[in-house]
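Below is one structure, written out as structure tokens, with a few remarks after it.
The values are calculated or read from the model by the stated rules, or taken from the named source; none is laboratory data. What you see is a predicted model, and the numbers here were worked out from it, not measured in a lab. Cβ placement follows ideal geometry from the backbone for every residue including glycine, while neighbour counts extend to all protein chains displayed. To get the accessible areas, we keep the full protein, side chains included, count just its heavy atoms, and leave off ligands, DNA and RNA. Shrake-Rupley method; radii C 1.70, N 1.55, O 1.52, S 1.80 Å.
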Amino acid sequence: MAAHLPYEYIYLRYKKKFPHVWCPGCGIGIVMGSIIRAVDFMKWNMNDILLVSGIGCTSRMPVYLDFNTLHTTHGRALAFGTGAKLANPSLKVIAVMGDGDALAIGGNHLIHSARRNIEITTIVVNNNNYGMTGGQFSPTTPVGALTTTTPYGMMEPVFDICSLAGGAGAVYVGRSTVFHVMELDKIIAGALSKDGFSLVEVMSPCPTNYGRANRIGDAVKMMESLQENTVTIAQAEKLSPEQREGKIVRGVFVDRDDNEGYTSRYGKLCAKAAEEVSRREVH
Amino acid sequence: MSGVPWGETRLVQGNEAVALGAIASGIDFFAGYPITPSTEVAEILARELPPMGGKWIQMEDEIASVSAIVGASLAGARSMTATSGPGFSLMQEGLGYACMTEVPIVIVNVMRAGPSTGLPTQVSQADVMQARWGTHGDHPVIALVPCSVAECFHLTVKAFHLAEAFRTPVIVLSDEIIGHMRERFTFPAKGEVQPVPLSEPNVPVEWYEHYHHTASGVSPMARFGRGYRFHVTGLTHDIHGFPTRRIDEVVPKMNRLKQKITRRLDVLEHNEELGVQESGVVIFAYGSVYRSALAAREILARKKKKVGVFRPVTIWPFPDKTVKKNLDNKDVIVVCELNQGQLIHEVERLTSDQVRVVPLQRYDGYGITPEQIVSKVMEVS
Ligand SMILES: Cc1ncc(C[n+]2csc(CCOP(=O)(O)OP(=O)(O)O)c2C)c(N)n1
Ligand code: SF4
């Protein structure tokens, strides 16, 4: 690929699809940029890439990218992606979803995709609320936060996306933010290079809904808070429990090679089944 | 057993015939979630597909199952799922998505009695309207109803063909009686049934339009990973598949979706008629009830009472014109169904006031017997 060209000329459907739908100051476009750079780093052929999403602001991403792109129904990206990957294992499947998409309506698909270890890289853009529908709470809205459906403050505890994915069997789990773009590029590339279920949580501002409802300030202020309120794993280790309070940890939490991917196991199962059948037929 | 026993005569179960019909059609991918009375379809394919290199996966629920087969179909696999009432309800989301995005899939619903969990092991035909209107929004649908083990096989094959030819989901509406009964069935000879050929675009990559306008309303479909990079969305889209709200793109899309089915009744319509023309009394029945209707007709013939039997095999799209032409001049039509009245409304809609449309309905989990039909006919004519 011609490296001197700006990325957008190579990977974007720039003629057809712009301007995009995202609000000024939204972080989703930065995540898209990171995905492009990580894909470019992998030197994958665009014909082999399937970018699948659910419904939400984040899930609008596929339409802008010149891959095989599949914008599905709310929460189901991984179910569609599982079908496509198993049907054609040579596809490189990337799923992008919002936090509500991935953890509320699609939570069950997420844990089972991780358990199966289907070879899909999942990018969850965590903006702490339902962006597309106007800022209702999601499973990642912090306790006490205001949203249109938590006018007295969020009362439910949050889902830790990374712990959930790791606990369910993902072979690679990382978290970064749209402020830490170089780190994010690397973590996404790390996820793409795994032959199993990998997940990257990206903290991203939704200034239009979440930012405004909680008077966090404008998009710049929200970006700054991503810098101020997060620490790397190494930094976190040096902090006292009090200092760590309220900080979100960035980095790669799971990176294992002891769990074979689903389609690869399935291929072996087919070979074993064929052998059993032919043995039975001989007898 | 392994594979389709081509040319052999065997005692075969309805659900088994569905599974083997799928294999005969060249099924590449099955995703499902166990549910009575359809489970045998999944179980048989779990055994049959892996040795052939076919893909089989048990998903976490039926929403995931239907989503997976749509994804698989887009990636180049002939895909199917099988379920029953409660699972069929969950599949409505994916069914609508496949209608909108024009992705070929086959959904088998072995009907059991509802609503809700209902009578899980017992028969009904109460999903007829759900098959037609279960998913939200205006949408086309094709649904085929088998009445025998042989038809379980042949209509499954037909479903795969129609799904591909019309780029749309096709529903096989079996029922608990048909699914679980065993009948003597002679499989077609080897070579008689071919795997369904998958359409492929015949234009250069740059020219490809995923929803190209054609006279039939259906255009050849590229699959993911073969060089044609296209976008698929459940949002209303233009000919490239990109979202649109332009009225001059929305309306043609909606019209085409509908007309690609409704204008092709010549291909889709499939009825069976026995003595309809020469009888003033007609029994209207489909699926397992049709078998009782045939038996009833014989009993009545012995009593010197002549009746006709009309059966739609393709119930959606409904054979409006034929029903109007062939049944609107009758004295009495006895509409027999295992529900509280679903297709009877279609028959009523198409017949004038002079025709007496009489229901014979059963919704207690048991089939309608020939004797019940006989006494109903005697009562009303
Ligand atoms: C079945 C279904 N339920 C509800 C909706 C409405 N809806 C659209 S997007 C969305 C939530 C989006 O939030 P999130 O997944 O966090 O993504 P974001 O928009 O924040 O990127 C909801 C509830 C829908 N489209 N489908
Ligand atoms: S509503 Fe929020 S998440 Fe959606 S585009 Fe706007 S800023 Fe981004």
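What to note about this one:
- For B:LYS330, the aspartates and glutamates whose Cα falls under 15 Å of its own Cα, not counting residues fewer than eight places away in the same chain, are B:GLU273, B:GLU278, B:GLU348, B:ASP353.
- For chain A, the longest site-free run once trypsin sites (Lys or Arg not before Pro) in DSSP loop states with at most 13 other Cβ atoms within 10 Å are removed: A:44-214
- Förster radius 22 Å - calculated FRET efficiency between A:MET155 and A:THR133, Cβ distance, rounded to 0.05: 0.65
- Within 10 Å of each Cβ in B:58-69, the average number of Cβ atoms from other chains: 6
- For chain B: accessible area per residue (Å², 1.4 Å): 37
- In summary, the stretch B:9-186 shows an alpha-carbon radius of gyration equal to 0.91 times the 2.2 N^0.38 Å reference for compact globular proteins.
- Computed from point charges on the beta carbon alone (+1 for Lys and Arg, -1 for Asp and Glu), the dipole magnitude for the protein assembly as shown about its Cα centre is near 920 Debye.
- One quarter of the surface of the convex hull around the alpha-carbon atoms of the stretch B:29-69 equals 2.5 nm², the direction-averaged projected area.
- Normalised by 2.2 N^0.38 Å, where N counts its residues, the alpha-carbon radius of gyration of the protein assembly as shown equals 1.06.
- Per residue of B:94-101, other chain Cβ atoms within 10 Å of the residue Cβ number 2 on average.
- Note on the protein assembly as shown: dipole from Cβ charges, positive end direction compared against B:SER124, A:VAL200, A:LEU103; the farthest Cα belongs to B:SER124.
- Estimated inter-spin distance, B:SER216 and B:GLN194, nm [label 7 Å along Cα→Cβ]: 1.4
- Highest-MSF residue in chain B out of B:ALA113, B:ALA301, B:ALA31 [GNM, Cα springs under 10 Å]: B:ALA301
- Accessible surface ranking for B:ARG246, B:ARG362, B:ARG256, 1.4 angstrom probe, highest first: B:ARG246, B:ARG362, B:ARG256.
- Dipole in debye (nearest 20) - the stretch A:7-282, about Cα centre, beta carbon charges: Lys, Arg +1; Asp, Glu -1: 580
- Both the radius of gyration and Dmax for the stretch A:217-267 are 17.5, 52 Å, in that order, over alpha-carbon atoms.
- Taking only alpha carbon atoms, chain B gives an Rg to Rh ratio of 0.98, where Rh is the Kirkwood radius.
- Equivalent-ellipsoid semi-axes of the stretch B:247-381, from the Cα gyration tensor, Å, largest first: 31, 16, 13
- Both numbers refer to the Cα atoms of the stretch A:11-85; Rg and Dmax are 12.3, 35 Å.
- Between B:LYS306 and B:GLU209, the simple label model (points 7 Å from Cα in the Cβ direction) yields a spacing of 5.5 nm.
- Candidates B:ALA143, B:ALA163, B:ALA75: whichever shows maximal mean-square fluctuation once chain B is modelled as a Gaussian network with Cα springs under 10 Å: B:ALA75
- Ordered from longest to shortest, the equivalent ellipsoid semi-axes for chain A are 33, 22, 18 Å, each the square root of 5 times a Cα gyration tensor eigenvalue.
- Alpha-carbon centroid distance for the pair the stretch B:247-295 / the stretch A:13-29, whole angstrom: 46
- Between the listed residues B:VAL332, B:ILE27, A:LEU50, the Cα displaced farthest toward the positive end of the dipole of the protein assembly as shown, a dipole computed from Cβ unit charges relative to the Cα centre, is found at B:VAL332.
- If the Kirkwood radius is taken over C-alpha pairs of the stretch B:94-242, then at 37 °C and 0.692 mPa s the Stokes-Einstein diffusion coefficient equals 190 µm²/s.
- Element breakdown for the protein assembly as shown at a 1.4 angstrom probe: carbon and sulfur atoms account for 54% of the accessible area.
- Inter-chain shielding of A:46-58 (mean C-beta neighbours from other protein chains, 10 Å cut-off): 2
- Two-site FRET efficiency, A:GLN243 against B:ARG349, from Cβ-Cβ distance with R₀ of 51 Å, rounded to 0.05: 0.10
- Compactness index (Cα Rg / 2.2 N^0.38 Å), the stretch A:8-149: 1.04
- Most mobile listed residue (A:PRO139, A:PRO19, A:PRO207) in chain A, GNM with C-alpha springs under 10 Å: A:PRO19
- Length-normalised contact order of the stretch B:9-186 in % [C-alpha pairs under 8 Å, at least 6 apart]: 31
- In terms of distances greater than 20 angstrom between alpha carbons, the cross-link table entries A:LYS268/B:LYS55; A:LYS16/A:LYS43; B:LYS260/B:LYS321; A:LYS17/A:LYS85 yield A:LYS16/A:LYS43; A:LYS17/A:LYS85.
- About the Cα centre, charge dipole magnitude for the stretch B:272-380 (Lys/Arg +1, Asp/Glu -1 at Cβ), debye: 340
- Placing unit charges on each Cβ (+1 for Lys and Arg, -1 for Asp and Glu) gives the stretch A:7-282 a dipole about its Cα centre, and among A:PRO139, A:ALA274, A:ALA191 the Cα reaching farthest toward its positive end belongs to A:ALA274.
- Degrees between helix B:370-380 axis and first principal axis of chain B (Cα, 0 to 90, nearest 10): 60
- Separation of alpha-carbon centers, the stretch A:124-145 and the stretch B:342-381, rounded to whole Å: 54
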